[in-house]
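Chemist: Quick one: the structure is below, questions incoming.
The values are calculated or read from the model by the stated rules, or taken from the named source; none is laboratory data. None of the values given here were measured: they were computed from a predicted structure. A quick note on method: Cβ atoms are made from the backbone with ideal geometry, for glycine too, and the neighbour counts reach across all protein chains shown. Note: accessible area is taken over every heavy atom of the protein model, side chains too, but ligands, DNA and RNA are not part of it. Shrake-Rupley method; radii C 1.70, N 1.55, O 1.52, S 1.80 Å.
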Amino acid sequence: MKQMNTTPQISAAEIGLAQNAEPRCPCLILTDVSGSIAGAPIAEVNAGLQRLKAKLVEDALACLRVELALVTFNENVTVEIDFCSPDNFTPPTLTASGGTHLGAAILKGLEMLNARTAEYRAAGISYYRPWLMVLTDAESGDDIAEAAQIVKEAESNRRLAFFGIGVLGANMDALGSLSLRPPLCLEGIKFQELFEWLSVNLSTVAVSQLGEQVPLTAPTWAAV
């Protein structure tokens, strides 16, 4: 009689935590891929994601401590890349079409961050405050009230750093209602500058002490 293999399966993420005991800074990028982002804007998003990877892999400590995830949304929410180190972060070529379900997307991002930090705790890994960066026009076709409530509560308890980035004539009032931190509006299609700024600040966090207040560099990509 053939015996069944009862050995628990170990995921790549669990192996990574076992092999690297450095504290982690998880950053989830949530990007709108609705029709309003089509054309040159989505091409710049793609270039910017590649620049983010390139800059972070130049930093040996950031490669050990920063973890990136990428989620896209229109009417659907798609996990493009689950949490991984910068050297394993290989963004797909994104395309844009359809509407915008911002509320569902943020709830998915929060769920993923909560799951990843739970894995850190289970493995005895300390971690920096998680980052959630949302790029959107904020013209949402679904309700954002629940997402806003959870984000603000997490911010109040210092469990989340939320960055709302308005793109292409975004509804800044709606975006501002999501969080305690005021949103910023991207100037033109400076997505590459935005992602380079993100890489610089994640690298700064990676060399800081846990719990240390890290000042962010001024965003050169934001509209005044």
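Chemist: What is the distance, in nm, between label points placed 7 Å from the Cα along the Cα-to-Cβ direction at residue 142 and at residue 180?
Modeler: 2.6
Chemist: Take every DSSP beta bridge with both residues inside the chain and express the antiparallel ones as a percent of the total, to the nearest 5.
Modeler: Here the share of antiparallel DSSP bridges comes out near 20 percent.
Chemist: Pop out the ³J(HN,Hα) list for the range 164-178 in order, Karplus 6.51 cos²θ - 1.76 cosθ + 1.60 with θ = phi - 60°, rounded to Hz; leave Gly and Pro as x.
Modeler: So the Karplus estimates, Gly and Pro as x, are x, 10, x, 10, 6, x, 4, 7, 6, 5, 5, 5, x, 6, 7 Hz.
Chemist: Would you please give the residues with an amide H less than 5 Å from that of residue 33, counting only those at least 5 places away or on a separate chain, with H modeled from the backbone geometry?
Modeler: 73, 74
Chemist: Rounded to the nearest 500, what is the chain's calculated 222 nm mean residue ellipticity when only DSSP H runs of at least 4 contribute -39500 (n - 2.57) each, over all residues? Numbers along the way, then the final one.
Modeler: Working: 7 runs with 87 residues, N = 224.
Estimated from H runs of four or more residues: -12000 deg cm²/dmol.
Chemist: Moving on. Suppose the chain between residue 121 and residue 157 were pulled fully straight at 0.36 nm per residue; how much longer would it get relative to their current alpha carbon spacing? Provide the component values of the computation, followed by the final result.
Modeler: Details: separation 36, 0.36 × 36 = 12.96 nm, distance 1.76 nm.
Full-extension gain reported as 11.2 nm.
Chemist: Can you compute 3J(HN,Hα) from phi for each residue in the range 46-59, using the Karplus curve 6.51 cos²θ - 1.76 cosθ + 1.60 with θ = phi - 60°, rounded to whole Hz and x for Gly and Pro?
Modeler: Values, residue by residue: 4, 5, x, 5, 5, 5, 4, 4, 4, 6, 6, 5, 6, 10 Hz.
Chemist: Okay, next question. Please compute the Kirkwood hydrodynamic radius over the range 54-121, one decimal place, Å, based on all pairs of different Cα atoms.
Modeler: One over the average 1/r among Cα pairs gives 13.3 Å for the range 54-121.
Chemist: Moving to a separate point now. Counting only residues 5 or more places away or on other chains, whose amide H sits under 5 Å from the amide H of residue 25 once H atoms are built in the peptide plane?
Modeler: 66, 67, 128
Chemist: Okay, moving on. State the extension gain, in nm to one decimal, for the chain segment bounded by residue 87 and residue 57, taking 0.36 nm per residue of separation less the distance between their alpha-carbons.
Modeler: Length gained, residue 87 through residue 57: 10.2 nm.
Chemist: Right, another one. Relative contact order of the chain: what whole-number percent is it, with Cα pairs under 8 angstrom and at least 6 residues apart? Working shown, then result.
Modeler: On the way: 432 pairs, mean separation 54.0, N = 224.
Computed value for the chain: 24 percent relative contact order.
Chemist: What's the angle, to the nearest 10 degrees (0 to 90), between helix 191-206's Cα axis and the longest principal axis of the chain?
Modeler: For helix 191-206, the angle is close to 40 degrees.
Chemist: Let me ask something additional. In the set (i) 17.6, 73; (ii) 30.2, 115; (iii) 17.8, 54, which value of Rg and Dmax of the Cα atoms in Å was calculated from the structure you see?
Modeler: The calculated read-out lines up with (i).
Chemist: Normalising by the residue count of the range 65-136, find the relative contact order in percent from Cα pairs under 8 Å and 6+ residues apart.
Modeler: Normalised by residue count, the contact order of the range 65-136 is 26 percent.
Chemist: Using Cα centres only, tell me the gap between the range 150-224 and the range 90-113 in whole Å.
Modeler: 17
Chemist: Give me the percent of accessible area attributable to carbon and sulfur for the chain, probe 1.4 angstrom.
Modeler: Here carbon and sulfur together make up 53 percent of the probe-accessible area.
Chemist: Also, I was wondering about something else. Please give the length that would be gained between residue 19 and residue 40 if that part of the chain were fully extended, namely 0.36 nm times their separation in residues minus their C-alpha to C-alpha distance (nm, one decimal). Walk me through the numbers before you get to the answer.
Modeler: Numbers: separation 21, 0.36 × 21 = 7.56 nm, distance 4.05 nm.
The residue 19-residue 40 span can extend by a further 3.5 nm.
Chemist: Can I ask one more? How large is ³J(HN,Hα), in whole Hz, for each residue of the range 104-118 in order, when computed from phi with the Karplus curve 6.51 cos²θ - 1.76 cosθ + 1.60 and θ = phi - 60°, using x for Gly and Pro?
Modeler: 4, 5, 5, 4, 5, x, 4, 4, 5, 5, 5, 5, 5, 5, 5
Chemist: Can you tell me what percent of all Cα-Cα pairs in the range 136-188 are more than 18 Å apart?
Modeler: On the way: 401 of 1378 pairs.
The share of Cα pairs beyond 18 Å in the range 136-188 comes to 29 percent.
Chemist: If I take R0 = 22 Å and measure r between the Cβ atoms of residue 173 and residue 223 in this structure, what FRET efficiency does the formula 1/(1 + (r/R0)^6) give, to the nearest 0.05?
Modeler: After rounding to 0.05, the efficiency reads 0.90.
Chemist: Hey, could you pull the Cα Rg and Dmax for the range 87-162, both in Å?
Modeler: Cα radius of gyration and Dmax of the range 87-162 are 14.4, 42 Å respectively.
Chemist: Follow-up. At 1.002 mPa s and 20 °C, plugging the Kirkwood radius over alpha-carbon pairs of the range 105-224 into Stokes-Einstein gives what diffusion coefficient in µm²/s?
Modeler: Numbers: Rh = 15.4 Å.
Rounded to a whole number, D works out at 139 µm²/s.
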